[in-house]
Structures are given as C-alpha cells and as structure tokens.
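**Q** I have a structure I would like to understand better, so I am pasting it below and will then ask my questions one at a time.
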Amino acid sequence: MSKITGVGKYIPSKLVTNKDLETKLNTSDEWIQQRSGIIQRYWITEGETTSGMAHKAALEALKDAGKKASDVDAIVFATITPDYYFPGSGVLLQKMLCPERTIPALDVRNACSGFLYALSIADAWVKSGMYKCVLVVGSEIHSTGLDKSPEGRDVSVLFGDGAGAVVVEPSKPGEGLLVHKLHSEGEYAEKLMVQRPSSNDYPNRLDKDETVTDKSFFPVMDGRFVFKHAVTRMCEVLVEACHSIDVKPKDIDFVLAHQANMRINQMVLEQLGIPQDKTLNTIQKYGNTTAGTLPIGMDEAKRAGLLKPGQLVAMVAFGSGFTWGASLMRV
Ligand code: UT7
C-alpha cells in the first residue's frame, strides 16, 4: 500500500481581483462571482517559472513528510503550462531538487486531471516496490498565456497560477491510496484547448511568411458544453470508484474536487447526496490552477484540520481532453 505523507503548496504573490480585470476584459466582478465563484486569483511576477513554483511547493511537501530532497526516488510532474515546449518541467525540478542524483522525472499533461493521473503513477510505483519516495507535483502558470482582451474574457477570468505537491510513500495495508479510476474521451479534445504551438502546421508557419501572433496560442473553451460534461463525468467516476471498493458516495467523509467552477462542485455533491460542508472550495481565492488545484486544496484542508485520521477522502477532477478521474484514500 502507499499513502500521501506530506503536502505543500506555493502561490505567487501578485493578487489579481475581479475588479482588476473589469476594464481590460470588459467583464464584471458580479458576473465572475455569479458564474464561477471566483473572487480573486494570483498571477506570477516576472522571473517566476512553472518548475520554480513546483520546487517551492515540493520543499513544503517534503518538510511536511519529514523528508529531505535527497530522499526523493522519482518525480511525477503534472502541468499543461511547462517552462519549455520540450523538455518537460520534471527535469528542471530534478535539477533544482537534487542535481547530483539522476532520479527519473516524468511529465504528465492531462490538464485538470493531471494531478490524479500523476498520483496514480506514483501510487503504482510505490506499491510495486519500484520506488519508495515519489514526489508528485501539479504546477501551472496560466497568466502569461491568456487572451487579456475582451475576446478572451470567458476563459481568462477563470485561471490562476499556483503549485501544489505531495509525497507518496509506502503505508500499512488498509490505509492510504485505495483506488484510482481514470478516463479520457478525445472526441471532445477541441472543446477546451490551446491549439498552438503545433506540429500539425505544415509547412512551418514562418515558411509561409505568416506572423505568429494569432489567437490560436490562447486557450479556447465551449464553456457550457464542458460544464455539463464535468458534472456528469465527475458524478459517474466517483460512483465508479466507490463501487470498486464496496462503499457508497454517502460513506465519503471529505471530497477534494478540482476547482473549475464552484457551481460544478456544488452540483456534483448535491447529485451524490454528499453534504456541501464535506468539501473545501479554494476557487474563490485562487481561480482554476488546473493540475495545481487538488494538491493546493489538500494542503489547505490539511492545515485547516479538515483531514482526520481514518477518514475516507475522495479526489475528483475533470478537464481538457476530455480527461477525468477519481481517487479514494483512507487518511
Ligand atoms: O478546468 C477545466 C474545466 N473547465 C470547466 O469545467 C469550465 C466549465 N464552464 C464554466 O465554468 C462556465 O461555462 C463558464 C464560467 C465558463 C461560463 O458560464 P456560463 O454560465 O456557461 O456562461 P456562457 O458562456 O453561457 O455566457 C453567458 C453570457 C454570454 O453573453 P450572452 O451571449 O448571453 O449575451 C457571454 O458572452 O456571458 C457572457 N460572458 C461574460 N460576461 C462578462 C462570457 N464571459 C464573460 C465574462 N464577463 N468574463
């Protein structure tokens, strides 16, 4: 068995309130709060990087687990906003964390479900005995890639920057990570995407004398479509995960849900008959930090004393791909 033994987060310092976005994006604090629950988010300041934020979150998680960087056997790094197109950000974290040791670093790019996909890999590595101490991070810098004109307002008001990390280690039977259920449906890949840079451009766009400044570098989303699928799939996968270990959604003591929209999470809990006080939403403060949302939420919940020994905790996420998943753990 394996369990999460430490958790940490890093949030950059630049506070951006809804009010700050009103003029430039032709939006309003009222619209953003009503439709998404978001009040503010944090964006990076110049010089901060996805790997650098992950490093800070990782050091917090290692401290929480009572471990040192030299104890880490492997890194799984979830992000859709890496420092470079390639190589992935995992190797940059390896350089910061333990340059003298050539531990493996794997990048996962499953967007909002990225943390759960990454966690399932770490869990399998530890359970199989391949590695004993695996660092899982979710880190995103959205602020530098958003369309900050009125055309991009539907997406750009939603996203924030931030990182979270957990340490996964062996545990006693019956405690820790119990099950992961993961899915994908590429039919809807274009419903929430950033199209470029793309290897599909043929011939190279610069060969065609095109100026590479078009909107295809910005995220686009069919918001209503994504919303409906998010509610349906998150409910389905939570039921599936519960069924696989012979418990019911009502047996869940605490839910850590991806933070894309407060209304999505409220509907999921309502449809499953789980009381709203059995979760902690952080979207009000941080917006949607994609792969960062779950470890950031876990860090806040742990520090607030909401995760108690023996509790059955569910994690659930849905996002671009579409990809979605749920994990259950006994704290
Ligand atoms: O994490 C990855 C997964 N992502 C999600 O799960 C997000 C899912 N989708 C959503 O959360 C919601 O669909 C949104 C928050 C993105 C949008 O809420 P909505 O209630 O679905 O609004 P809408 O897109 O249907 O737009 C309603 C109106 C439109 O105006 P008209 O056509 O009714 O005149 C939009 O142009 O709101 C307008 N609008 C805005 N107004 C002010 C769209 N964005 C904004 C904005 N400020 N930022």
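**Q** Counting Lys and Arg as +1 and Asp and Glu as -1, what is the net charge of the other residues whose Cβ lies under 10 Å from the Cβ of VAL239?
**A** Around VAL239, the charge tally is 0.
**Q** So for the chain, taking the charge dipole from beta-carbon charges (+1 Lys/Arg, -1 Asp/Glu), which of LEU182, MET221, VAL331 sits furthest toward the positive end?
**A** Going by the Cα projections, it comes out as VAL331.
**Q** Once the dipole of the chain is set up with Lys and Arg at +1 and Asp and Glu at -1 on Cβ about the Cα centre, which of PRO104, THR144, VAL167 lies farthest towards its positive end?
**A** Towards the positive end, the residue furthest out is VAL167.
**Q** Using a Debye calculation, one point per C-alpha and no hydration shell, please list log10 I(q)/I(0) for the chain at q = 0.07, 0.10, 0.12 Å⁻¹ in order.
**A** -0.26, -0.54, -0.79
**Q** With +1 on each Lys and Arg Cβ and -1 on each Asp and Glu Cβ, how big is the dipole of the chain about its Cα centre, in debye rounded to the nearest 20?
**A** Rounded to the nearest 20 debye, it is 800 debye.
**Q** Now for a different question. What list of ³J(HN,Hα) values in whole Hz, one per residue of region 246-262 in order, does the Karplus curve 6.51 cos²θ - 1.76 cosθ + 1.60 (θ = phi - 60°) give from phi, with Gly and Pro shown as x?
**A** Here the 3J(HN,Hα) series is 6, 10, 10, x, 5, 7, 6, 8, 7, 10, 9, 10, 4, 10, 9, 6, 4 Hz.
**Q** A follow-up question, please. What are the aspartates and glutamates whose alpha-carbon lies under 13 Å from the alpha-carbon of LYS63, with same-chain residues fewer than 8 places away excluded?
**A** Within reach: ASP71, ASP299.
**Q** Quick check on the chain: helices-only [θ] at 222 nm, where DSSP H runs of length 4 and up contribute -39,500 (n - 2.57) each and the sum goes over total residues. Nearest 500, please.
**A** -10000 deg cm²/dmol
**Q** About the Cα centre, and with charges only on the beta carbon of Lys, Arg (+1) and Asp, Glu (-1), how big is the dipole of region 241-331? Nearest 20 debye, please. Could the numbers behind the result be given before it?
**A** On the way: 9 positive and 7 negative charges, 25 e Å.
Taking the Cα centre of region 241-331 as origin, the dipole is about 120 debye.
**Q** Here's a follow-up. Can you compute 3J(HN,Hα) from phi for each residue in region 186-196, using the Karplus curve 6.51 cos²θ - 1.76 cosθ + 1.60 with θ = phi - 60°, rounded to whole Hz and x for Gly and Pro?
**A** Once θ is set to phi - 60°, the couplings for region 186-196 become x, 3, 10, 4, 7, 6, 8, 7, 10, 6, 10 Hz.
**Q** Further, regarding this structure: log10 I(q)/I(0), Debye, Cα-only region 146-294, no solvent, q = 0.17, 0.18 Å⁻¹?
**A** Once normalised to I(0) and log-transformed, intensities are -1.14, -1.23.
**Q** Which of the GluC sites (Glu not before Pro) found in region 132-206 are in a DSSP loop and have at most 14 neighbouring Cβ atoms, other than their own, within 10 Å? Walk me through the numbers before you get to the answer.
**A** On the way: sites: GLU140, GLU151, GLU175, GLU185, GLU187, GLU190; in loops: GLU175, GLU185.
Taking region 132-206 and a limit of 14 other Cβ atoms within 10 Å, the loop GluC sites (Glu not before Pro) found are GLU185.
**Q** In the structure shown, do any of LYS127/LYS285; LYS181/LYS302; LYS228/LYS285; LYS3/LYS191 have a Cα-Cα gap over 28 Å, and if so which?
**A** Among LYS127/LYS285; LYS181/LYS302; LYS228/LYS285; LYS3/LYS191, the Cα-Cα distance tops 28 Å for LYS127/LYS285; LYS3/LYS191.
Every number here is computed from the coordinates shown, using simple stated rules; none is lab data. Not measured: the values here are computed from a predicted model. For neighbour counting, all protein chains shown are included, and Cβ atoms are generated from backbone atoms with ideal geometry for every residue, glycine included.
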